[in-house]
Amino acid sequence: MAQLPQSLGADLDAYINKGLSDWQLPGLALVIVKDGQVIKLQGYGVKDIQSKTPVDANTHFFIASNSKLFTGTALANLEQQGKLNLNDPITKYFPDYQLYDPINTKLVSIRDMLSHRIGTKTFQGDFTFWNTTLSRSDIMQRMRLLKPSAVFRQEYGYCNSCFMTAGEIIPKVIGQSWEQYVQDSILNRLDMRNSFAASNGIELRSKNIATPYTTSYTGNLNVVPYDKWDNLGPAASIVSNVQDLSQWLLFQLDSGRHNGQRVMPWSTLARTRSINVMTGSFKSSVYPINFRGYGLGVFAADYNGHQLYWHTGGAAGMVSNVCFVPDLKLGIAILTNNDNQNFFEALRYQLLDYFLKVPSSRSQCTNATRFSARHERAALRNCRMAQPCKRTNANAFAGKIHRHLCP
C-alpha cells in the first residue's frame, strides 16, 4: 500500500478522531485510493460501544444505497453482452406489471427505473416496503398504487422500489438471481469476497459487523435493529467493508480493469455515468457545484472543474458515502455506524478539497453548525431528558479544523 502524503497523515487522523467525539460517532472506516494505489485504509473508533472492539479495514457495514451502482453496473453489463436493452419496457419481462397511469405502464423502461424518473415523489411508498414481509413481487404489485405527482421522465424522485424492479429483470434474462449475479460477476471477480449481496441475518454470518446506533430523538447513542430489507435487495442490501470497497474504487478508476485484467468493458461503466435525469442546474450555495444529475445508480456533478461521481447510503444506524473523481484517479469511501450525523459527508468534502488543492469553503464547515443546532432542537423537542449537543463541538468543527484539511 502506498503512503498518504506526509502533509495529511497525522492531521487527518486527529481530525477524524475529533469528529468521532464531536458527533457521537462510535466508529468509522475509511479508504482512499489515488493513482491506482490504496493510500489510506483504516478503521477508527469502535464497532460496538459495549465491547469497545475497534473498527478495522474488514469491519462490515451496510452500504445501503451504495448498492445501487452495483445493480446499474450489472444491468449495463448485460446490455453490453446483448442480453437486454436498457430501453426495454418492463412489461416485456413482466407483462402484468402496472404503474398508476396506463400510458406510463407501457412506456416505463429499465433505464427509467434505474434513473428515478417515473414521476413519483422521493421515497414514495418506500417506507411501507422495507423491513416488511412483503416479497419483491408483492412490492411490484403495489407500485400501481403510487400516484405520481410529477411528469413521467421529466422529474427526479428517488425510488427504491424502482431499483428493485430493475434488478428483478436479471433472473428473467439469465435465470440467475440478482444476488448471485452480483456476487459472481462483480464481487468475486473484483476479489470482494468478504462482501455480501444479501444482508438479512448478517449479524449471524459476520463476526466483524458494526453495531448500528442512532442519536435521533434522545441525543444519546442507542442501538437500533439491523435492517431486514432483502426484499428491496437491488436497491440497498449489500454489506461490505473498506478493504473490499478499495477494489470497487480501483475498478471504477481503471475503466473496468482489476489488477490490470479487463473485467468489464469501459462502455459498461460509461453507461452508468451518463446522466439520464437532471437533479439540479443552478450553482450550489454550499459547494462548488453547478450541475447535478443521476446516471444508473450514481450521481454526477461538476466539482471545482472536475467530474465527480458519488452516492450516499443510509441504513438504520449506519450511513456511508462512496465517491470517485476519474481525472484525478481519486476514490474515497467512508462507512459509519451512527445514522444521525453529517461528519461522514463533511470528511468527504474536506478530502476532496485537499486533493483538488483548493481552499475548503467556510460554508462546508458552518453546515455542521446548522446540523448540530437542528439536532439539538429536535432532541429537546422530542425528549425532555435529552442531553443537548455541545456547541463547542460545532464551533471546534467550524473554526479549528486542521490546516491541511480546511486551510
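Annotations
- Flag if S177 is among the hydroxyl-bearing types (S, T, Y), modelled with pLDDT of 95 or more, touching a Ser or Thr at 6+ places or on another chain (Cβ under 9 Å) and surrounded by 15 or more Cβ atoms within 10 Å (Cβ to Cβ): no
- Selection of strands (runs of 3 or more DSSP E) fully inside the stretch 261-329 by the criterion of at least 2 residues being within 30 Å of A150 (Cα to Cα), open to solvent by 30 Å² or more (accessible area, probe 1.4 Å) and not acidic (D, E) returns 277-280, 306-315.
- Breaking point among (1) over 18 Å from the mean Cα position of the chain (by Cα); (2) under 15 Å from F70 (Cβ atoms); (3) part of a loop (DSSP other than H, G, I, E, B), for M192: (1)
- All positions within the stretch 122-135 that are under 21 Å from the mean Cα position of the chain (by Cα) and either surrounded by 16 or more Cβ atoms within 10 Å (Cβ to Cβ) or closer than 16 Å to P89 by Cα (or both): Q124, G125, D126, F129, W130
- Only a single item in (1) at positive phi; (2) in contact (Cβ under 8 Å) with a residue 40 or more places away in the chain; (3) of a type in the set (D, E, K, R) is not met by K52, and it is number (2).
- Here D88 meets the list (1) within 30 Å of G317 (Cβ to Cβ); (2) surrounded by fewer than 17 Cβ atoms within 10 Å (Cβ to Cβ) almost entirely, failing just condition (1).
Residue-by-condition table, conditions (1) part of a loop (DSSP other than H, G, I, E, B); (2) surrounded by fewer than 18 Cβ atoms within 10 Å (Cβ to Cβ); (3) touching a residue at least 60 places away in the same chain (Cβ under 8 Å); (4) of a type in the set (A, V, I, L, M, F, W, C):
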| site | (1), (2), (3), (4) |
| --- | --- |
| E203 | no, yes, no, no |
| G219 | yes, no, yes, no |
| P225 | yes, yes, yes, no |
| K228 | yes, yes, yes, no |
| N231 | no, no, yes, no |
| D244 | no, no, no, no |
| W248 | no, no, yes, yes |
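- Any hit, the stretch 180-201, residues being in contact with an Asp or Glu (Cβ under 6 Å, 6 or more places away or on another chain) and surrounded by fewer than 18 Cβ atoms within 10 Å (Cβ to Cβ): yes
- Here R111 passes the criteria (1) under 25 Å from V322 (Cα atoms); (2) touching an Asp or Glu at 6+ places or on another chain (Cβ under 9 Å); (3) free of Cβ contacts under 8 Å to residues at least 24 places away in the same chain except the one numbered (3).
- Listed conditions (1) within 23 Å of F61 (Cα to Cα); (2) open to solvent by less than 10 Å² (accessible area, probe 1.4 Å) are all met by L8, apart from (1).
- Residues within the stretch 330-350 that are outside any helix (DSSP H, G or I) and open to solvent by less than 10 Å² (accessible area, probe 1.4 Å), tallied: 10
- Candidate set from the stretch 1-47 (those that are outside any strand (DSSP E or B), of a type in the set (A, V, I, L, M, F, W, C) and at pLDDT 95 or above); member that is farthest from S246 (Cα to Cα): W23
- Each residue in the stretch 1-18 was checked for being small (G, A, S), under 20 Å from L335 (Cα atoms) and touching a strand residue (DSSP E or B) at 6+ places or on another chain (Cβ under 8 Å), and 0 of them qualify.
The values are calculated or read from the model by the stated rules, or taken from the named source; none is laboratory data. What you see is a predicted model; the values in this text were computed from it and never measured. No Cβ is skipped: glycine too gets one built from the backbone with ideal geometry, and neighbour counts run over all protein chains shown. All accessible areas refer to the heavy atoms of the entire protein, side chains included, with ligands and DNA or RNA removed. Shrake-Rupley method; radii C 1.70, N 1.55, O 1.52, S 1.80 Å.
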